[in-house]
Each structure stands twice: as C-alpha cells, then as structure tokens.
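The structure appears right after this line, and notes come after that.
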C-alpha cells in the first residue's frame, strides 16, 4: 500500500494565518529530497487548532502542490464522527490518496462511529494514528 519515508508535515503560520507560501516551500523541500508520502493535517499539522475551513484549505492546497508526485495521506480524524466523515469525504473529493484517522481519546467513542467512518463515504485507504496514551486500540474497535 504505502512504503518508505513519510513526513508528518507541520502547518506554518504567519501573524495567526496559515502561511501557504512557506507550506509550499516545505512541500517542495520534501519532494526534492526523496520523501515517499506527505501526511498533512494530523496532530503535528495542528489539526486540533484549525477551523474546518482551514483544514479543508490545507488538504486541497497540498494535494494541488504535490500533484501526484507522491501519495498524500490527509489527516481527517476527529473525536466527532460526523466531522471525521465530512473531512474524509472532502479529502477523497479533492484527490487525497488516503486519510489518517485518530482513534478516540478525549471522550468515549461514539457507538457505531468507527463503523460509520469505515463503511460510510467511499474513501481511499484509512490509516489510524494513536496519538495519545489514552487512545483506543483500533484493532479493538467494533465493526
């Protein structure tokens, strides 16, 4: 599926706004130095602090800049099942190759939520990220 080195891309800011010029420079640096996949808008990319519009703008811009040179595995996880489904569908719509989902950690998992996400909108592969010691082991989520 995906192999090699994958970078969890940071989201650069300038004066409280996403710095898209620096973002493109970071992507170009990674592409020019042999990265095998770009993984934006995970927790390293400030996903918990972004608005939904900013999150979507980042995914779309990164897919455009990468332009198929390497896979884009877009962060689309959330403790809200509905938000995760929305971001996952958006990532697919704009051309991401897969999504990165965070397992629930701040509140109990919503009943049936994982099933809704996995079986919901037709999406490219879904990868899970356990970013917190309180995270849920994805292999134990009910399907």
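The values are calculated or read from the model by the stated rules, or taken from the named source; none is laboratory data. This structure is a prediction, so every number in the text was calculated from the model and none was measured. Cβ: placed from backbone, ideal geometry, glycine included. Neighbour counts: every protein chain shown.
Worth a mention:
- Test: residue 41 is within 12 Å of the chain's Cα centre (by Cα) and at positive phi: yes
- Among (1) at pLDDT 85 or above; (2) buried (at least 19 other Cβ atoms within 10 Å of the Cβ); (3) within 21 Å of residue 10 (Cβ to Cβ) - the single one residue 67 does not satisfy: (2)
- Conditions (1) in contact with a strand residue (DSSP E or B) (Cβ under 9 Å, 6 or more places away or on another chain); (2) more than 25 Å from residue 24 (Cβ to Cβ); (3) at pLDDT below 75: number failed by residue 113: (1)
- Search result, residues across region 1-30 that are surrounded by 14 or more Cβ atoms within 10 Å (Cβ to Cβ) and farther than 22 Å from residue 51 by Cα: 2, 6, 7, 30
- Selection count, region 38-55, where residues are crowded, with 22+ Cβ neighbours inside 10 Å and in contact with a helix residue (DSSP H, G or I) (Cβ under 8 Å, 6 or more places away or on another chain): 6
- The residues listed here are 89, 74, 96, 82; of these, the one that is in a helix (DSSP H, G or I) and in contact with a helix residue (DSSP H, G or I) (Cβ under 9 Å, 6 or more places away or on another chain) is 82.
- Index of the failed condition, residue 87 passing every other in (1) out of contact with any strand residue (DSSP E or B) (no Cβ under 6 Å at 6 or more places or on another chain); (2) surrounded by fewer than 22 Cβ atoms within 10 Å (Cβ to Cβ): (2)
- In the set (1) surrounded by fewer than 17 Cβ atoms within 10 Å (Cβ to Cβ); (2) modelled with pLDDT of 95 or more; (3) part of a loop (DSSP other than H, G, I, E, B), the condition left unmet by residue 35 is number (1).
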